[in-house]
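Have a look at the structure below before the remarks.
The values are calculated or read from the model by the stated rules, or taken from the named source; none is laboratory data. Note that the structure is a prediction, hence the values are computed from the model and not measured. Neighbour counts are summed over all protein chains in view; Cβ atoms, including those assigned to glycine, are modelled from backbone coordinates with ideal geometry. The protein model used for the area step is the full one, side chains on, heavy atoms only, and it has no ligands, DNA or RNA in it. Shrake-Rupley method; radii C 1.70, N 1.55, O 1.52, S 1.80 Å.
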Amino acid sequence: MNVVALSGGFGGAKFVRALVETLGGEHVTAVVNVGDDLDFLGLRVSPDLDGVLYALAGVADEQRGWGRAAETWNALDTVSRLGALDWFKLGDRDLGLHVVRTNALRSGEPLSAFTLRAARAFGVDATILPATDDDLRTFVITPAGTFSFQEWYVARGHRDDVEGVDVRGEARPGPGVSDAFGAADMLLIGPSNPYVSVGPILAVPEIRAAIVDRRVPCVAVSPLVGGRAVKGPADRMLAHLAGGTTPAHVASVYAGLIDALVVDEGDDVSQLHVQPIVTQTLMDDKESRRRVAEAALSVPV
């Protein structure tokens, strides 16, 4: 079985890892959010692409939920001492990837080509594709103003309530994305924030159209457990923008796109209008990751 998984954030990366552990990397293509990308200290940073890369390479920091394990911060300490911006935390191990990516992009190499090259260098056999090579950026509208995603999420600690999400840029699918959709036996949406992690992927018109016109099942995994986000502000955003934090509210963001929703056994599925797949959705170890992957894959193709 070949699957395409839309991924963003920590939960999405964990889910892609679960799929690779279950199906094998040669059967998994991750189409990853690039709306969070930013230029910081002159470097191009792609947090969600890097999150998937690090998770599949086995070098992710599972405790922090971002970046690399066993990280050090010597370069950032120097940045701070020199009085430059240091609100976005670039670790020493992480820094090398950003330096090489930035040089590659300045030399004319597309983000998609660099990402495939980086995956090979890290020994990853799954296919990691940016949703687009075009400029696509997520902005968050709050009572305090409109901020780029990372400014709102990291610099401001995502403390501002979200009144809307503005994904800017005219984008086409990156190389390989349309072919992956055409070859997939199942489409999957990871347990990522529906608005700021998955939403920017779906903002690419041809990607949304491919899901609407699909010939195969599409299954999403809820990012909530007991109505609460495992990590990040997805529950607050759903409460404000969708009116609640039940599985039905999660599914409403994907109206017309999904056939089933994987939900935690502690959540109420009574108002859900797509097929519920109930399991324990926390992914704390290999066994629990496999349980969630198998639940998502249980819909007949």
Review point. Does at least one position in region 31-39 carry a residue that is in contact (Cβ under 8 Å) with a residue 12 or more places away in the chain, assigned to a helix (DSSP H, G or I) and either out of contact with any His (no Cβ under 6 Å at 6 or more places or on another chain) or not basic (K, R) (or both)?
Key: no
Review point. So which residues in region 251-267 are more than 27 Å from A210 (Cβ to Cβ) and at pLDDT 95 or above?
Key: D264, E265, D267
Review point. Quick one: how many residues across region 116-139 are under 20 Å from A184 (Cβ atoms) and under 15 Å from the mean Cα position of the chain (by Cα)?
Key: 6
Exercise for review: Considering every residue within region 86-95, establish whether at least one is open to solvent by less than 20 Å² (accessible area, probe 1.4 Å), more than 22 Å from D135 (Cβ to Cβ) and either touching a residue at least 12 places away in the same chain (Cβ under 8 Å) or out of contact with any strand residue (DSSP E or B) (no Cβ under 6 Å at 6 or more places or on another chain) (or both).
Suggested key: yes
**Study point:** Residue check, L85 assigned to a loop (DSSP other than H, G, I, E, B) and in contact with a His (Cβ under 9 Å, 6 or more places away or on another chain)
**Key:** no
Revision key, fill the gap. When region 38-82 is checked residue by residue, the ones that are aliphatic (A, V, I, L, M) and within 13 Å of A13 (Cβ to Cβ) are L49, V52, L53, A55, L56, A57, V59, A60
Revision key, fill the gap. Residue set V124, V177, V167, V99; condition touching a Leu at 6+ places or on another chain (Cβ under 7 Å), modelled with pLDDT of 95 or more and open to solvent by 70 Å² or more (accessible area, probe 1.4 Å); output residue V99
Study note, to complete from the structure: When (1) open to solvent by 60 Å² or more (accessible area, probe 1.4 Å); (2) touching an Asp or Glu at 6+ places or on another chain (Cβ under 9 Å); (3) on the phi < 0 side of the Ramachandran plot are applied to S107, the one that fails is (2)
Review point. Which members of region 128-138 meet the condition of being open to solvent by less than 50 Å² (accessible area, probe 1.4 Å) and either farther than 19 Å from N33 by Cα or of a type outside the set (A, V, I, L, M, F, W, C) (or both)?
Key: P130, T132, T138
Exercise for review: Give the residues of region 270-293 that are among the hydrophobic types (A, V, I, L, M, F, W, C), assigned to a loop (DSSP other than H, G, I, E, B) and buried (at least 18 other Cβ atoms within 10 Å of the Cβ), sorted by residue number.
Suggested key: L272, V274, M283
**Study point:** Sole exception among (1) buried (at least 18 other Cβ atoms within 10 Å of the Cβ); (2) assigned to a strand (DSSP E or B) for I141, by number
**Key:** (1)
Check your understanding: Can you tell me which residue in region 62-85 is surrounded by the fewest Cβ atoms within 10 Å (Cβ to Cβ), limited to those that are within 19 Å of K231 (Cβ to Cβ) and modelled with pLDDT of 95 or more?
Key -> A69
**Study point:** All positions within region 129-160 that are in contact (Cβ under 8 Å) with a residue 40 or more places away in the chain, of a type outside the set (S, T, N, Q) and touching a helix residue (DSSP H, G or I) at 6+ places or on another chain (Cβ under 7 Å)
**Key:** L129, P130, A131, D133, L136, V140, F149, H158
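Residues checked against (1) of a type outside the set (F, W, Y); (2) more than 16 Å from the chain's Cα centre (by Cα):
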{"position": "W152", "(1), (2)": "no, yes"}
{"position": "G157", "(1), (2)": "yes, yes"}
{"position": "L187", "(1), (2)": "yes, no"}
{"position": "S192", "(1), (2)": "yes, no"}
{"position": "R214", "(1), (2)": "yes, yes"}
Revision key, fill the gap. Of the residues in region 91-131, those that are among the hydrophobic types (A, V, I, L, M, F, W, C) and in a loop (DSSP other than H, G, I, E, B) number 4
